[in-house]
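Scroll down for the structure; my scribbles are underneath it.
The values are calculated or read from the model by the stated rules, or taken from the named source; none is laboratory data. Keep in mind that what you see is a predicted model, and the values were worked out from it rather than measured. Cβ placement follows ideal geometry from the backbone for every residue including glycine, while neighbour counts extend to all protein chains displayed. These area figures cover heavy atoms from the full protein model, side chains too; ligands, DNA and RNA do not enter into them. Shrake-Rupley method; radii C 1.70, N 1.55, O 1.52, S 1.80 Å.
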Amino acid sequence: SKLAALFEHPLYNIPVPEVTEKDKLFIINPMEKFSLRSSGSDEWVSSSKAETLLLTGKTAYDTYPTWLKFHIGINRYELYPRRDPLLPTLLRDLATQRIISSVQKSGGTQLKLIMTFPNYGQALFKPMKQTRDQETPIDFFYFSDFERHNAEIAAFHLDRILDFRRIPPVSGRLVNITKEIRDITTDKKLAKTFFISPAGNVCFYGECSYYCSTEHALCGKPDQLEGSMAALLPDKTLAKRRSWRSPWRRSYHKSKKAEWELNPNYCTQVRETPPYDRGHRLLDLIDMAILDFLMGNMDRHHYETFEKFGNDTFLLHLDNGRGFGTHSRDEPSILAPLQQCCSIKKSTYLRLQLLATQPYRLSDVLREALAADPVAPVLAKPHLRALDRRLGKVLVAVGHCLAR
């Protein structure tokens, strides 16, 4: 296994700083049993309000569902540890747990559903909108592109292979539109959008600002629909997150350019602006730009951090559905933060060099990681080949910086 060998490599065993109590997202009493509010949210409460008793011989922690253990494990330095024993179980839960509720997620430009499991865990479901081998049309603007379920799955595994570990776990899943969405939804607006197509397939389209109409309906075969299931982060009432506008945000206009596209010295002013004027925030942003370039994702307008940790923490790489849309061409402008600032973390650079070598080739290790997913093959072969080509271009860009 190339993947196992990669994770055994010394570059994947650099220790994270010691995690103190103040570095944990949640401080919990290990003797307390946690129950959940009857509202059905994933808000948990201490044992003083719970009526269940601990199973004999088990610690309170052993009784927590996997999604709750995942939330408790989040700290200042990482969303989940490198050798996280929970990860296989959490991915399996996302793929197999019975769905007891499906409602549309509010906001956003495209249809997404929040699905709830019997253990109170929740996942974000993004349905399949195009086949693996369809490329984004060349005349499409990046902001009018589809969100792809397989891009969400591949982004999680790629982020882990790069050792960023900043994307919540994602699994592919086949969902029965009739039994697992239509028949159990309490969302009246969503319920009104189901119909049977002329071919006899069950379809629905929901309500959103783009692509929510009968012309863009999601149809099963006859009611089986493929999609991605992403583990939700803790409720914002429990763990506030701060949203930051990316300095390299695109204009989201058909003809207008952003300032960074016009000013070659743009990075100088970014370096003087908080929070990029100290710490590793700018380097984390460059990590994110490299991830986006490898995926071909041009849609990174914002990123988030956990408010509790202030500016000294990792960036969450959320919403990756517009990655992996094209394999035949690359978008060099995504690398602007790297090229304009000429900065990169040494650890990131060394890992990129490692992933360009034959024993650990990026396309090979990602193919192996994706092979275990329930909807494999997740990416078409040309997308995997494009990763190796793009990785080469990232290393060339760093080479130009070193030469300068």
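Under 5 Å between amide hydrogens, which residues at least 5 positions from Arg241 or on another chain qualify, with H placed 1.01 Å from N in the peptide plane?
Residues meeting the amide H criterion: Glu307.
What three numbers, in Å, describe the spread of the alpha carbons of the stretch 102-189 along their principal axes, ordered from the longest?
Projected onto the principal axes, the Cα atoms of the stretch 102-189 cover 38, 34, 24 Å.
If amide hydrogens are placed 1.01 Å from N in the peptide plane, which non-local residues have theirs closer than 5 Å to the one on Ser101?
Thr116
Which value, in debye to the nearest 20, gives the size of the charge dipole of the chain about its Cα centre, when Lys and Arg are +1 and Asp and Glu are -1 at the Cβ?
300 debye
Over 21 Å between Cα atoms: which of Lys69/Lys308; Lys69/Lys345; Lys112/Lys192; Lys345/Lys393; Lys69/Lys126; Lys2/Lys381 fall into that group?
Cα-Cα > 21 Å for Lys69/Lys345; Lys69/Lys126; rest within.
Along the Cα→Cβ direction, 7 angstrom out, place labels at Asn176 and Arg132. What is the inter-label distance in nm?
Using points 7 Å along Cα→Cβ, the separation is 2.6 nm.
Work out the charge dipole of the chain with +1 on the Cβ of Lys and Arg and -1 on the Cβ of Asp and Glu about the Cα centre, then indicate which of Phe195, Leu124, Gly279 is farthest towards its positive end.
Towards the positive end, the residue furthest out is Gly279.
Starting from a Cα-only point model with no solvent, please compute log10 I(q)/I(0) by Debye for the stretch 313-404 at q = 0.17 1/Å.
Debye curve over Cα of the stretch 313-404, log10 I(q)/I(0) at q = 0.17 Å⁻¹: -0.91.
Counting only heavy atoms of protein chains, what accessible area per residue, in Å², does the chain have with a probe of 1.4 Å?
Values: 18870 Å² over 404 residues.
That works out to 47 Å² per residue.
Per-residue counts of other Cβ atoms within 10 Å, averaged by peptide: what ranking do you get for 170-176, 373-379, 218-224, highest first?
Per-residue Cβ counts within 10 Å, averaged per peptide and sorted highest first, yield 170-176, 373-379, 218-224.
May I ask you to list the aspartates and glutamates whose Cα is less than 17 Å away from that of Lys22, ignoring any residue fewer than eight positions away on the same chain?
The qualifying aspartates and glutamates are Glu78, Glu307, Asp312.
How do the peptides 281-293, 332-344, 236-248, 205-217 rank, highest first, by the average count of neighbouring beta carbon atoms within 10 Å per residue?
Put in order of decreasing packing, that is 281-293, 332-344, 205-217, 236-248.
Please report, as a whole percent, how much of the solvent-accessible surface of the chain comes from carbon and sulfur atoms (probe radius 1.4 Å).
Taking all protein chains in place, the chain shows 54 percent carbon and sulfur surface.
I need the phi-derived Karplus couplings for the stretch 309-314: 6.51 cos²θ - 1.76 cosθ + 1.60, θ = phi - 60°, integer Hz, Gly and Pro marked x.
Values, residue by residue: 8, x, 8, 9, 6, 7 Hz.
Under 13 Å Cα to Cα from Lys105, which aspartates and glutamates show up? Leave out anything in the same chain fewer than 8 places away.
Asp187, Glu207
Could you tell me the largest-minus-smallest coordinate of the C-alpha atoms of the stretch 307-363 on each of the three principal axes, in descending order and whole angstroms?
Principal axes ranked by extent give 40, 27, 24 Å for the Cα atoms.
Can you give the FRET efficiency to the nearest 0.05 for His400 and Thr273, using r as the Cβ-Cβ distance and R₀ = 25 Å? Could you put the intermediate results ahead of the total?
Numbers: r = 25 Å, r/R0 = 0.99.
About 0.50, to the nearest 0.05.
For the stretch 241-403, what is the Kirkwood hydrodynamic radius in Å, using each pair of distinct C-alpha atoms?
16.9 Å
Would you please give the residues with an amide H less than 5 Å from that of Ala217, counting only those at least 5 places away or on a separate chain, with H modeled from the backbone geometry?
Here nothing satisfies the definition.
With θ taken as phi - 60° and the coefficients 6.51, -1.76 and 1.60, list the Karplus ³J(HN,Hα) couplings across the stretch 217-227 in order, rounded to whole Hz; mark glycine and proline as x.
Taking θ as phi minus 60°, the curve returns 5, 9, 10, x, 10, x, 9, 8, 10, 7, x Hz for the stretch 217-227.
Show me the three semi-axes of the equivalent ellipsoid for the chain, from the C-alpha gyration tensor (sqrt of 5 times each eigenvalue), largest first, rounded to whole Å.
33, 29, 21
Mind putting a number on the dipole of the stretch 167-269 about its Cα centre? Charges go on the C-beta only, +1 for Lys and Arg and -1 for Asp and Glu, and I need it in Debye to the nearest 20.
520 debye
So between Lys24 and Ser209, what do we pick up on full extension, going 0.36 nm a residue minus the alpha carbon distance?
62.9 nm
Near Lys254, which aspartates and glutamates are there with a Cα under 13 Å away, not counting those fewer than 8 places off in the same chain?
Asp139
When the distances between all Cα atoms of the stretch 174-277 are binned every 10 Å from zero, what whole-number percent does each bin get?
Cα pair-distance distribution for the stretch 174-277, in percent: 12, 25, 20, 22, 16, 5.
Tell me, what HN-Hα J-couplings in whole Hz come from the Karplus equation 6.51 cos²θ - 1.76 cosθ + 1.60 at θ = phi - 60° for each residue of the stretch 265-281, using x for Gly and Pro?
Once θ is set to phi - 60°, the couplings for the stretch 265-281 become 9, 4, 4, 4, 6, 5, 4, 8, 9, x, x, 8, 8, 7, x, 10, 4 Hz.
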